[in-house]
Amino acid sequence: MNTSTFQRLQQIRDKFGPGIFGKIAQKLLALAFYEAGFHHVVERGVQGVDIDAATEDAIRYTLEVKTTEGESVPISEENIGALKDRAKDGYTPVLAVLRMQMFEDWLFAAVPLNRLQPGSVALSRLRSYRLSSLEASIRPEFERIVNEHWSSVLARGEHYLIQTLGEIAKTR
Amino acid sequence: MGYREKVLDKINAMEHRADERRFLWQTLINSFEQEGADGAANELAGRIGKVQERFDTLLEKLEEMA
Amino acid sequence: MFELIRLRVCGFRGFVGEQEFSFDRPVTLLCGENHRGKSSTLNAVEWCLFGDKCIGKKTGIRERVDWEIANRYLQEGEVAVTAEFKGPKGTYRITREQSVGRRRAAQKVTVLLPDGTQLQGDEAENMLYVLFRSSFQDFMTAVYQHQEAIRAILTQEPRERNDAIDRLLGLSPYREILKGIIGARLEETLTNMEGRREDFRKRCEQAIRTLDNLIREERGKAIAEGIPEEAFTEQEALNRAAGIAEAVKYLAEELGAVDFKARVPVTFGEIAEFREWVKTQTDRLWAQAPDVLKQETLAAEQQKLVIPKGRYEEAKGAETAAQAEKDKFVGQFGDEVALVEAIEQQQREIEQLDGQIRKTNAKANLVREAMRYLKEVVPDAERGRCPLCGADAPRLLAHLETEWEQKVKSQVEELEQQKRERQSKLEDFDSLRDKLGTLERNLKNARSGCEDCLRAIAQTLRREIGKEEDPLALLSRRLEQIAREQESIGEAISKKRANISDLYDKLGKLRTIDEILVHQQKRAVIERVWETKELLELEESLNEASQFVEDVRALRTALAEASLEEAEGKIHSAESALDKYFCSIVKHPAIPGLVMEVAEDSRTGLNSYSFKSKDGTDPTPILSQGDLNCFALSLFLGLSEATADTQRFAFLMLDDPTQSLGPEMKRELVSVLEDIANRRELIIATPDPEFKSLLTTHITKTKAVYNFTGWTDKGGPQVTRTMS
């Protein structure tokens, strides 16, 4: 993503802290999936997998969303379990990681669940499982979504996005 | 069943990239049969070396641009 | 099953000419000192069956690297080994040949089947596998125990021991390939690439942050200078530059430069150069402006006039002062004439006084002499007479003394005193005269100085100055003229200077805008780098490397798992035989049975073996070299037994099995071999005479003994055969 989008995200992160920022990023990602043409997007704040996204022609992804400044992300038993559950329903399990450093962007990795162990997963390992075409379609939409909503997010926080997602879901 | 076949069985059971890994295994065995552990090491190092060369050239170009 | 019945060796390793061995007894012993060809005999069977597969690094046997096939003393000819086997359908003859002297010479393998079919080349090699279903590793595990294998087991280094056990179990290929994978250091390479990419990213980030700070600072400055936000565009910069170019042109006209051509930048990239051009041109126009030149000329002239004026005034002052001093002196002391008169007067008076003093001195001398005469020459009695006429003069001396004291002496003294006074005055007048001379010289010098200054003024004014003319007034008049001219030029110049100042102010603002835009451009360049196809390709190469490393990691896991499974399988199949043989041979009081375990080394993926006593204790600290040898033997024998049902070879070959064994263990080993001899043909090579004796006396099967009594480079091993 370009530097101004990154700096806007940084502002949000600096205001709300890393924990809330992660949830905000997740909701912005969900909006990006809508913009990229996924008609059915379920974003979950609490239990289960973070995002399910499906197109009309049955391309289905289930995503565990992570944000980090470092070079690895923690994966828990629960995360793996939740992905496995959705995988049974035909969803492709994906780790969606946003590294919050300038010039970085979303990384979507379809790691085979049998190779996923709880603990810290190095981002370099995820490279070999990248879904380049999904990245190509989501990244520009995410950038647009951030630039469209960042000032409202700064002003009103997560609640604004909950509302926005709710409104979009009603129209789909 | 020799070691080749035993490892090949495991590769065939892999869900992800079985074809590519089969081909890699074949290449690895050929190098090993000719020159032992060193042969295998050189084959692998050579392959990643080619990627690294490309990487080096690109990085150099990017450094110049920036 | 295939029994080995005959072996013919020619030119192979220690052998020079052809040597034949018959294996027509249940037990064959190859005995003799080291380096006589015993191991070469067993190796010949191996080479005949497996060719290059039993040579080189891939075998995992250190001694097999650069292993020589041909006898090194042979210059020409062929290496040939023929092994004959008795199989289910008759006799099978396998011959393998290679040219002497060519290290990498192609081998020729021939298989002669019982039905007379002869196969060669790849067909022959394939037939070997079909017949015997054995790889070289399998052969090493369960048919031929190499002395190198036992030697390797005896090492104390756990990693080398694990290596040796893997080899014993026929798992060397797994191990060697895993070592190769580890040795390639792929993860290191990938980490290095990731690291360098990250460094590049950080440098770009740092550059962006620095530029952002600079832009922020410059914007702050710009706003403080009154430049509005909307002005930070390339077009605005160009517009301002055009305005400045216009102002320079107007300035040029004002300063009298004709034919001046203003330069207007067309693109943003030309603005930096344009700014330099404005500075250079402005300086040049200013330096060449007529008003400015005139002003400089006037100032120079003014400077020239002020100095002689000051000097003249000073000189004049000095002259007046000198004159005043002289006049004061003359008024007080008189002029030269008066002083000369006074001096001469004093001189005359001194002369007069000198005359008086002489007279008085003459009289005084006379009186003094007379007194002396009367005191010193004349006797006392005659002192009352005049020394000249002899008349009575009783008080002559007293009278003389009184006259001397009262008149003569005081007279002389007075005259002397007057003379001194006159002399003193004379000195004073001389001094005054000298002083007057000095004052006159001073006055002359001061006048001369005034004349010099006057000439300097005339030169400066470039005209003669007449005696009636006041040079100071002339100077002052000229200086006033200059001042008036300067005033009028100064006003014009002030106005032009204000225009230049205004121009520089505009130029300063343009500089600020230019700096901001340049920083923004640099920033944009860095950002664009991250959208280039080169960056995409860089990411792809990193993905490719990561993918490759992940693939190799998967292979490594598969290798480690397969190796572990096979090790576990073989250990499991051989464990009871291993325990049985170990306990039979070793009979260690503290080790009631041996259990062998294998696990995967999590760091390397290699097999890691450990021993446990059946009571659960770790026997490793108390295992001697002999115990380890027995373990190796037990494992070999145990695996042979475990694979007996599927084993195609009906014989076992042991090379120097008694390394580090004591007499008791040797006896026990012989008991074990006696038992095995019931089921398998045994071929045993040993340099150990004690072991040979035990085998000869305690193995009840018939034996053929080949004694390797000597070895020469021309003849090879000297072998004799005996039977028992």
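Of all residues in the range C:250-271, those satisfying the criterion of being free of Cβ contacts under 8 Å to residues at least 60 places away in the same chain and surrounded by 14 or more Cβ atoms within 10 Å (Cβ to Cβ) are C:Ala252, C:Gly256, C:Ala257, C:Phe260, C:Ala262, C:Arg263, C:Val264, C:Pro265, C:Glu270.
Applying the condition of being among the acidic types (Asp, Glu) and in contact (Cβ under 8 Å) with a residue 24 or more places away in the chain to the range C:66-85 and asking which residue is farthest from the other protein chains (Cβ to nearest Cβ) yields C:Glu76. The one condition from (1) within 23 Å of C:Val719 (Cβ to Cβ); (2) surrounded by fewer than 23 Cβ atoms within 10 Å (Cβ to Cβ) that C:Glu76 does not meet is (1). All conditions but one from (1) surrounded by fewer than 12 Cβ atoms within 10 Å (Cβ to Cβ); (2) assigned by TED's automatic domain parsing to the domain that holds C:Leu461 apply to C:Thr280; the one that does not is (2). Checking each residue in the range C:167-185 for being in a helix (DSSP H, G or I) and either touching a Cys at 6+ places or on another chain (Cβ under 9 Å) or modelled with pLDDT under 85 (or both) picks out C:Arg167, C:Leu168, C:Ser172.
Among the residues of the range C:435-456, those identified as in contact with a Lys or Arg (Cβ under 9 Å, 6 or more places away or on another chain) and closer than 27 Å to C:Glu301 by Cβ are C:Gly449, C:Cys450, C:Asp452, C:Cys453, C:Ala456. Once the range C:180-207 is narrowed to residues that are more than 25 Å from the chain's Cα centre (by Cα) and of a type outside the set (A, V, I, L, M, F, W, C), the residue that is farthest from the other protein chains (Cβ to nearest Cβ) is C:Glu187. Any residue at all in the range C:686-702 that's among the aromatic types (Phe, Trp, Tyr), surrounded by 15 or more Cβ atoms within 10 Å (Cβ to Cβ) and part of a strand (DSSP E or B)? The answer is no, given that none of the residues of the range C:686-702 is among the aromatic types (Phe, Trp, Tyr), surrounded by 15 or more Cβ atoms within 10 Å (Cβ to Cβ) and part of a strand (DSSP E or B). Would it be correct to say that A:His159 is surrounded by fewer than 17 Cβ atoms within 10 Å (Cβ to Cβ), farther than 30 Å from A:Leu113 by Cβ and of a type outside the set (A, V, I, L, M)? Here the answer is yes, as A:His159 does meet what is asked. For the criterion of being in contact with a Lys or Arg (Cβ under 6 Å, 6 or more places away or on another chain) and buried (at least 17 other Cβ atoms within 10 Å of the Cβ), A:Thr3 fails. Can you tell me which residues in the range C:509-525 are surrounded by fewer than 20 Cβ atoms within 10 Å (Cβ to Cβ) and within 14 Å of another protein chain (Cβ to nearest Cβ)? C:Gln520, C:Gln521, C:Lys522, C:Arg523, C:Ala524, C:Val525, listed by residue number.
Exactly one residue among C:Ala242, C:Ala247 is more than 8 Å from every other protein chain (Cβ to nearest Cβ), over 47 Å from the mean Cα position of the chain (by Cα) and surrounded by fewer than 17 Cβ atoms within 10 Å (Cβ to Cβ), and that residue is C:Ala242.
Can you give me the number of residues within the range B:1-38 that are in a helix (DSSP H, G or I) and within 7 Å of chain C (Cβ to nearest Cβ)?
Final tally of qualifying residues: 16.
Within the option set C:Glu451, C:Glu403, C:Glu491, being modelled with pLDDT of 90 or more and among the acidic types (Asp, Glu) holds for one residue only, C:Glu451.
Inspection of the range A:69-84 identifies no residue that is touching a Phe, Trp or Tyr at 6+ places or on another chain (Cβ under 6 Å) and of a type outside the set (Val, Ile, Thr). Scan the range C:438-468 for residues that are over 18 Å from C:Glu314 (Cβ atoms) and outside any helix (DSSP H, G or I) and the total you get is 6.
Of the candidates A:Leu113, A:Leu126, A:Leu134, the single residue that is without any contact (Cβ under 8 Å) to a residue 40 or more places away in the chain and either surrounded by fewer than 14 Cβ atoms within 10 Å (Cβ to Cβ) or more than 9 Å from every other protein chain (Cβ to nearest Cβ) (or both) is A:Leu113. Considered as a group, the residues in the range C:14-65 that are among the hydroxyl-bearing types (Ser, Thr, Tyr), more than 14 Å from chain B (Cβ to nearest Cβ) and farther than 18 Å from C:Gly716 by Cα include one that is nearest to the chain's Cα centre (by Cα), and that residue is C:Thr28. None of C:Gly569, C:Gly626 is in a helix (DSSP H, G or I), within 28 Å of C:Gln147 (Cβ to Cβ) and free of Cβ contacts under 8 Å to residues at least 24 places away in the same chain except C:Gly569. Going through the range B:44-55 one residue at a time, which ones are crowded, with 21+ Cβ neighbours inside 10 Å and either touching a residue at least 12 places away in the same chain (Cβ under 8 Å) or more than 7 Å from every other protein chain (Cβ to nearest Cβ) (or both)? B:Leu44, the sole residue that qualifies.
Which members of the range A:110-128 meet the condition of being part of a helix (DSSP H, G or I) and within 16 Å of the chain's Cα centre (by Cα)?
Once the filter is applied, which keeps residues that are part of a helix (DSSP H, G or I) and within 16 Å of the chain's Cα centre (by Cα), the range A:110-128 yields A:Leu123, A:Leu126.
Within 15 Å of A:Gly166 (Cα to Cα), modelled with pLDDT under 90 and not aromatic (Phe, Trp, Tyr) - does that describe any residue in the range A:47-57? No, every residue in the range A:47-57 fails to be within 15 Å of A:Gly166 (Cα to Cα), modelled with pLDDT under 90 and not aromatic (Phe, Trp, Tyr).
The values are calculated or read from the model by the stated rules, or taken from the named source; none is laboratory data. This structure is a prediction, so every number in the text was calculated from the model and none was measured. Neighbour counts run over all protein chains shown; Cβ positions are idealised from the backbone, glycine included.
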